[in-house]
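**Student:** Below: one structure in structure tokens.
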Amino acid sequence: MTTLLVRNATVLVTMDGARREIAGGGLFARDGMIVEVGPSESLPASADTVLDLSGHVALPGLVNAHHHLDQTLTRSLPAAQNVNLFRWLRAHYRLWAARTPEASRTATLVGLAELALSGCTTCFDHAYVFRNGCAVDDQIGAAREIGMRFMVSRGSMSLGESKGGLPPDDCVEEEDAILADSERVIARYHDAAPGSMLQIALAPCSPFSVTPGLMRDSAALARAKGVRLHTHLAETIDEERFTLARFGKRPVAYMDELGWLGEDVWFAHAVHVNAHEISCFAGAGVGVCHCPSSNMRLASGIAPVKAYRRAGVKVGLGVDGSASNDGNNLLAEARQAMLLARLQMSLRPPEGPDTELSTSDPSRDVEWMTAREALELATLGGAAVLGRTDIGSLEPGKCADFFALRLDEVAFAGGLSDPVAAALFCTPGRAAWTVVNGRPVVAAGEVVTIDLPAAIAEHNKHAARLAALSGGV
């Protein structure tokens, strides 16, 4: 057995049922699981590893509930900088299909390293383009190298342009092959045990890139094998027009018809929904992953996060693809979620012709997203949508996943009257420590489990090859 003692944090944020924030707090963990949490003087005096967090705020590890790590290879692509989702996808499809297993490995290493430096300890990745020998296995190997808690999809696209879909025909797969590989990946890798470092989900990409048959078959396979289901949904008005024209239904109704409204499902984005659809999500136990930066970058819209939460819908956060966000910083995403919810307050239509829409009205105070609420989305919220009860908070029986920020950094100067809120209101900085399963991935502000400069150098070579192809695809 190995033990870890964390002590003397200026504030330790638990996110437990009482939402305790413990001054001078710490925790004691054994074999990657938390045994005790409380004031430092109440904890054991020694352990195999002792981490003194004097001058730090310590928080539960952040949970990234929607990402596309391979897109780190195509950040800031000129042809995709100033376009909406469908045009953005068309600029990228063949580049992603042209990546290699080696490129996928380094993209995963670089993306996860950047996430770890922002305090992220668990990442779900939505992989769905498998060409040139690429497989989920490439990413799984990389996640093991760096030591991050990982959930990855065996995603898919099967509806090419010739059949009315958005992706080119040479970027999609045959459905029998998709289902066979899905079954292989689940059997080989999925670990449902508490404290699991690796889980699999099935994730057909979107209503405009997958057939109804594959959506149904994927759901049946997932439920037979006990894994979760994920897809993009209601991200843009263009998607809504597509499902109305092709299926005669709005996206949420289409998912309902396919048997995709259930507690084992979470959707990415879910921007364009009405009150009835929010109620459907709440009643079915569906989760939503909010991706604010991506939605802003592609002018997709603003998801109704506060309305979701009022209705009881599970909501987590995702940085989304590194080519629609161009960053892998989940703490910054939590800040963005807080700010975007506040902007949305001023955009709500007036209730009547004589109604003045004013954010100064005290009756609207409940609409303000607080820093702590945004942190909850990034921790407990992400855990809930991924179906995990062993992460998201710091309390006995949970995984020893946490991160710490130094409070003497310039970004926090003058903000120490509330260091927890300052973690979001002030410019998010690099995590001083990020610990996963009781093991540091980031120590003293540096990734310590891999040779990050070497990974970046190799990754940039793969990215340069794809950039050279971009003019011809």
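**Student:** If I filter segment 326-341 for residues that are aliphatic (A, V, I, L, M), assigned to a loop (DSSP other than H, G, I, E, B) and touching a residue at least 12 places away in the same chain (Cβ under 8 Å), do I get at least one hit?
**Tutor:** No: zero hits.
**Student:** Look through S182, S218 and report the one residue that is under 28 Å from R99 (Cα atoms), in contact (Cβ under 8 Å) with a residue 60 or more places away in the chain, in a helix (DSSP H, G or I) and within 25 Å of the chain's Cα centre (by Cα).
**Tutor:** Result: S218 is the single residue among S182, S218 that is under 28 Å from R99 (Cα atoms), in contact (Cβ under 8 Å) with a residue 60 or more places away in the chain, in a helix (DSSP H, G or I) and within 25 Å of the chain's Cα centre (by Cα).
**Student:** More than 16 Å from L112 (Cβ to Cβ) and modelled with pLDDT of 95 or more, is that true of G429?
**Tutor:** Answer is no for this residue.
**Student:** Looking at R188, R144, R154 in this structure, which one is among the basic types (K, R) and outside any helix (DSSP H, G or I)?
**Tutor:** Matching residue, one of R188, R144, R154: R154.
**Student:** Identify, by number, the condition in (1) modelled with pLDDT under 95; (2) surrounded by fewer than 20 Cβ atoms within 10 Å (Cβ to Cβ) that V410 doesn't meet.
**Tutor:** (1)
**Student:** I would also like to ask the following. Could you check segment 152-192 and list, in sequence order, the residues that are hydrophobic (A, V, I, L, M, F, W, C), buried (at least 23 other Cβ atoms within 10 Å of the Cβ) and closer than 16 Å to G226 by Cα?
**Tutor:** Within segment 152-192, just V152 meets the criteria.
**Student:** Given (1) out of contact with any helix residue (DSSP H, G or I) (no Cβ under 7 Å at 6 or more places or on another chain); (2) modelled with pLDDT under 95, where does G133 come up short, assuming only one miss?
**Tutor:** The number of the failed condition is (1).
**Student:** Quick check, is M148 touching a Pro at 6+ places or on another chain (Cβ under 6 Å), of a type outside the set (G, A, S) and crowded, with 24+ Cβ neighbours inside 10 Å?
**Tutor:** no
**Student:** Moving on. Could you tell me which of the residues T14, T100 is buried (at least 21 other Cβ atoms within 10 Å of the Cβ), on the phi < 0 side of the Ramachandran plot and not acidic (D, E)?
**Tutor:** T14
**Student:** Within segment 378-396, identify whether any single residue is over 27 Å from A323 (Cα atoms), touching a residue at least 60 places away in the same chain (Cβ under 8 Å) and of a type in the set (A, V, I, L, M, F, W, C), and answer yes or no.
**Tutor:** Yes: one or more hits.
**Student:** Could you tell me which residue of segment 10-49 is farthest from A378 (Cα to Cα), considering only residues that are touching a residue at least 40 places away in the same chain (Cβ under 8 Å), assigned to a loop (DSSP other than H, G, I, E, B) and among the charged types (D, E, K, R)?
**Tutor:** D48
**Student:** Before we move on, is A282 surrounded by 24 or more Cβ atoms within 10 Å (Cβ to Cβ) and touching a residue at least 12 places away in the same chain (Cβ under 8 Å)?
**Tutor:** So A282 fails the test.
**Student:** Of the conditions (1) surrounded by fewer than 18 Cβ atoms within 10 Å (Cβ to Cβ); (2) under 20 Å from the mean Cα position of the chain (by Cα); (3) modelled with pLDDT under 95, A299 satisfies every one except a single condition; which number is it?
**Tutor:** Of (1) surrounded by fewer than 18 Cβ atoms within 10 Å (Cβ to Cβ); (2) under 20 Å from the mean Cα position of the chain (by Cα); (3) modelled with pLDDT under 95, only one is false for A299: (3).
Yes/no per residue for (1) outside any strand (DSSP E or B); (2) surrounded by 24 or more Cβ atoms within 10 Å (Cβ to Cβ):
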residue: F86; (1), (2): yes, no
residue: R94; (1), (2): yes, no
residue: T106; (1), (2): yes, yes
residue: L112; (1), (2): yes, yes
residue: C123; (1), (2): no, yes
residue: Y128; (1), (2): yes, yes
residue: D137; (1), (2): yes, no
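**Student:** Also, quick follow-up: Quick check on T231: is it assigned to a strand (DSSP E or B), in contact with a helix residue (DSSP H, G or I) (Cβ under 9 Å, 6 or more places away or on another chain) and among the polar types (S, T, N, Q)?
**Tutor:** When the stated conditions are applied, T231 passes them.
The values are calculated or read from the model by the stated rules, or taken from the named source; none is laboratory data. Keep in mind the model is a prediction, meaning the values are calculated, not measured. Positions of Cβ are generated from backbone atoms using ideal geometry, with glycine treated the same way; all protein chains shown enter the neighbour counts.
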